[in-house]
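Inspection log for the structure reproduced underneath, given as structure tokens.
The values are calculated or read from the model by the stated rules, or taken from the named source; none is laboratory data. Just so it is clear, the structure is predicted and the values come from calculations on it, not from any experiment. A quick note on method: Cβ atoms are made from the backbone with ideal geometry, for glycine too, and the neighbour counts reach across all protein chains shown. Heavy atoms of the whole protein, side chains included, go into the accessibility calculation; ligands, DNA and RNA do not. Shrake-Rupley method; radii C 1.70, N 1.55, O 1.52, S 1.80 Å.
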Amino acid sequence: MTITYRAIAGLPLARVFAITLTIMSAPLAAQPAPYDSAKPLSRATLFAPGTISTGDYDSHVTFTPDGREIYFLKLAPNFSRWSIFVSRYKDGSWSQPEVAPFSGQYQDADPYITADGKHFYFISDRPVEAGGERQSHHDIWVMDKTDSGWSAPRHLPAPVNSDADSYYPIVLKNGTLYFGSERGDSRGLGDIYRAVPQKDGSYAVENLGPPVNSSAGEYEAFVTEDERSLLLAATRRPDSLGDYDLYLSHQQADGKWSEPVNLGPEINSPARELSPKLTPNGKYLIWMSCRVPALPAKPQRRTTAEVLKELRAPGNGLGDIYQIDVSSVPELKPPTK
């Protein structure tokens with residue numbers, strides 16, 4: 001997430017998603033994941049209302065590969081406080097979320113667990129040196145899976161981290177890292193970058209360039225394991241429906257990314273949409289939205305308790321988590337011939 005919010009080749013896209021996500025989810029095919037719906041989700045649907053999607057500002061979800069742990073962001077409405085929470089699926093329901101053991105002290109956000117479950121990436125303003133002061137910007141950190149949980153966070157080296165904010169790390173099985181940043185060579189408010197690990201442990205970092213990056217603001221990108229499809233959260237693009245919108249780009253035969261396509265009004269709203277991801281089994285698009293349900297044409301008078309319940313429930317204009325069947329998003333379907 002941003003700190004201020006200033007302000008195969010030749011294959012149809014749906015088949016690319018199917019191939020990529022079948023590979024990613026093959027070990028999970030034996031049983032349904034906790035986020036699987038018993039009925040089709042053809043419309044944007046609140047995820048775990050009352051537990052994960054609440055009256056708080058809830059955003060930026062990531063799952064363990066089996067789907068039985070969810071980490072997500074809770075933040076203040078004015079973005080002044082960020083912490084990462086965790087909930088576990090037990091006895092048919094999600095546990096009451098609590099601050100993750102590694103969070104709660106500094107400004108932590110944008111959690112991401114790799115597809116193999118071995119690494120946990122996030123951003124933070126925590127000090128690089130033990131005992132130091134918090135940083136004035138947010139860098140990318142990583143933890144490794146251990147027998148007892150997650151290891152101590154490690155700070156990624158330059159040129160991945162810089163003196164500018166970095167956002168939304170997405171790391172593939174081959175170690176390639178995608179992230180957003182507002183560094184000096186950004187074309188607009190923020191750009192998407194790709195970092196490839198080198199044999200000596202360093203990274204080669206490149207700006208994705210146009211058309212993914214533009215003179216607007218591109219901050220968050222989810223990339224499939226084959227690096228052929230990219231979901232993008234961006235602001236101030238010409239075809240935006242609201243504050244931040246979600247887009248889709250795919251890699252073309254020449255290796256270049258296509259012009260990002262707005263995912264449309266079922267996904268995007270006049271409010272803010274962020275944090276696009278596909279669930280580990282590839283069935284669902286999951287994201288954050290600040291959308292507000294339409295007011296009833298003929299409302300009934302409500303009691304104090306009813307008004308307060310509504311004000312403190314999902315749909316109050318703060319962030320909520322939504323999911324939808326990938327097959328129900330027209331932009332993710334193969335193009336008509």
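No other residue among 185, 163 is under 13 Å from residue 137 (Cβ atoms) and open to solvent by 50 Å² or more (accessible area, probe 1.4 Å) apart from 163.
Identify, from the list 67, 55, the residue that is open to solvent by less than 30 Å² (accessible area, probe 1.4 Å), in contact with a Phe, Trp or Tyr (Cβ under 6 Å, 6 or more places away or on another chain), more than 15 Å from residue 100 (Cα to Cα) and part of a loop (DSSP other than H, G, I, E, B).
Of the residues listed, the single one that is open to solvent by less than 30 Å² (accessible area, probe 1.4 Å), in contact with a Phe, Trp or Tyr (Cβ under 6 Å, 6 or more places away or on another chain), more than 15 Å from residue 100 (Cα to Cα) and part of a loop (DSSP other than H, G, I, E, B) is 67.
In the stretch 95-111, how many are assigned to a loop (DSSP other than H, G, I, E, B) and hydrophobic (A, V, I, L, M, F, W, C)? It would help to see each step written out before you state the result.
Taking the stretch 95-111 first, the residues assigned to a loop (DSSP other than H, G, I, E, B) are 95-97, 100-107.
Narrowing further to those that are hydrophobic (A, V, I, L, M, F, W, C): 100, 102.
Counting residues in the stretch 95-111 that are assigned to a loop (DSSP other than H, G, I, E, B) and hydrophobic (A, V, I, L, M, F, W, C) gives 2.
Looking only at the stretch 233-262, count how many residues are of a type in the set (Val, Ile, Thr), closer than 18 Å to residue 286 by Cα and either more than 18 Å from the chain's Cα centre (by Cα) or surrounded by 22 or more Cβ atoms within 10 Å (Cβ to Cβ) (or both). Matching residues across the stretch 233-262 total 0. If we scan the stretch 196-203, do we find a residue that is under 18 Å from residue 274 (Cα atoms) and open to solvent by 10 Å² or more (accessible area, probe 1.4 Å)? No, the stretch 196-203 contains no residue that is under 18 Å from residue 274 (Cα atoms) and open to solvent by 10 Å² or more (accessible area, probe 1.4 Å). Each residue in the stretch 200-223 was checked for being under 13 Å from the mean Cα position of the chain (by Cα) and either outside any strand (DSSP E or B) or closer than 17 Å to residue 332 by Cβ (or both), and 3 pass. Does the stretch 104-152 hold any residues that are surrounded by 14 or more Cβ atoms within 10 Å (Cβ to Cβ), of a type in the set (Gly, Ala, Ser) and over 16 Å from the mean Cα position of the chain (by Cα), and which are they? Selection gives 117, 151.
Do we have residue 15 as farther than 30 Å from residue 136 by Cα, at pLDDT 95 or above, charged (D, E, K, R) and surrounded by fewer than 20 Cβ atoms within 10 Å (Cβ to Cβ) here? When the stated conditions are applied, residue 15 does not pass them.
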